[in-house]
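Beneath this line is the structure, given in structure tokens, with notes to follow.
The values are calculated or read from the model by the stated rules, or taken from the named source; none is laboratory data. Being a predicted model, the structure only gives us computed values, none of them experimental. Here Cβ is always computed from backbone atoms with ideal geometry, including for glycine, and neighbour counts include all displayed protein chains.
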Amino acid sequence: MKILINYFSGTGNTKFVADKFAEAFLTEEYSVELFSMEDRDLSNADCDLLVLGFPKFYGYVPLFYLDYVKETLNQSKDTKKVIMFCTESGGTLTSFTEFIEILNDKNYETVWATSIIMPNNYLIKSNYEPTPVLVTEDRINKIFSTVKYIVDNVIGNNTHIETADEEKASRARAMAYGLKEKAGMIAAGYSVDSSCDFCDDCVRVCPTSAILKVEGKYVFTESCINCVRCVNICPSNSITYNGYKPPQYNRLMIKG
């Protein structure tokens with residue numbers, strides 16, 4: 001069986017889980033292909049089972065990832081199975097309904113959709129607290145067993161679709177779409193302070209090429225998706241958001 005694992009990861013959490021899915025399927029001696037949204041699109045997807053992973057954005061599935069799958073995944077002649085996972089830190093359920101409908105239209109059947117709890121890596125506001133170290137270690141240590149449980153169940157033809165409260169999901173969806181229209185305003189909140197040594201790491205890792213170097217200064221443009229990858233990759237921790245310098249997420253989680 002051919003397994004294709006595709007993901008978007010802002011600061012490393014989703015990539016970490018995607019890697020564990022690859023590891024779990026490889027232990028079953030399946031053929032596995034793993035790549036990110038930035039590596040290439042899904043137009044030449046050749047698989048029996050598709051695994052899609054993404055972080056929760058504003059309480060909802062990231063709209064840019066929805067668009068990526070909708071626009072690049074071709075219609076399948078034969079029905080293909082899909083596992084979807086959403087990484088998040090708050091312990092709230094995720095609404096996969098819109099995504100499942102998009103996949104159904106392409107003849108991809110979602111057989112497992114679930115949230116996976118990870119450490120908080122979205123720390124750009126002062127009221128967002130880092131996950132305590134012991135809790136972080138506990139969550140990370142449980143990931144492979146969680147993933148292996150999913151893999152074993154899907155191989156055994158079991159199914160599970162996580163269902164969120166529809167009222168809350170509707171509000172989250174509305175907020176996500178509303179903030180999509182305010183991308184320029186969000187991007188304007190980012191800046192660099194005097195500690196910046198202009199190494200261009202932020203430019204290099206930005207998934208949407210939203211950071212430009214203009215006349216010796218970094219400019220954050222409206223293609224910013226607020227993934228905070230730049231904040232966490234900066235070696236001098238020079239990026240601020242609306243004047244606040246957030247603590248960087250655990251660097252062990254964002255390598256690669």
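Name the residue that is surrounded by the most Cβ atoms within 10 Å (Cβ to Cβ), counting only residues in the range 152-186 that are touching a Ser or Thr at 6+ places or on another chain (Cβ under 6 Å) and not charged (D, E, K, R).
ALA169
Wholly within the range 177-256, which helices (runs of 4 or more DSSP H) include no fewer than the required count, namely at least 3 residues that are touching a helix residue (DSSP H, G or I) at 6+ places or on another chain (Cβ under 9 Å)?
Answer list for the range 177-256: 201-205, 229-233.
So in the range 130-151, with the set limited to residues that are among the polar types (S, T, N, Q) and exposed (fewer than 13 other Cβ atoms within 10 Å of the Cβ), which one is modelled with the lowest pLDDT?
Taking the candidates together, the pick is ASN141.
Which condition breaks for SER223 when tested against (1) under 22 Å from TYR65 (Cβ atoms); (2) buried (at least 18 other Cβ atoms within 10 Å of the Cβ); (3) modelled with pLDDT under 95?
Every condition holds for SER223 apart from (2).
Is it fair to say ASP67 is within 23 Å of ALA183 (Cβ to Cβ), assigned by TED's automatic domain parsing to the domain that holds ILE150, out of contact with any strand residue (DSSP E or B) (no Cβ under 6 Å at 6 or more places or on another chain) and free of Cβ contacts under 8 Å to residues at least 24 places away in the same chain?
So ASP67 fits the description; yes.
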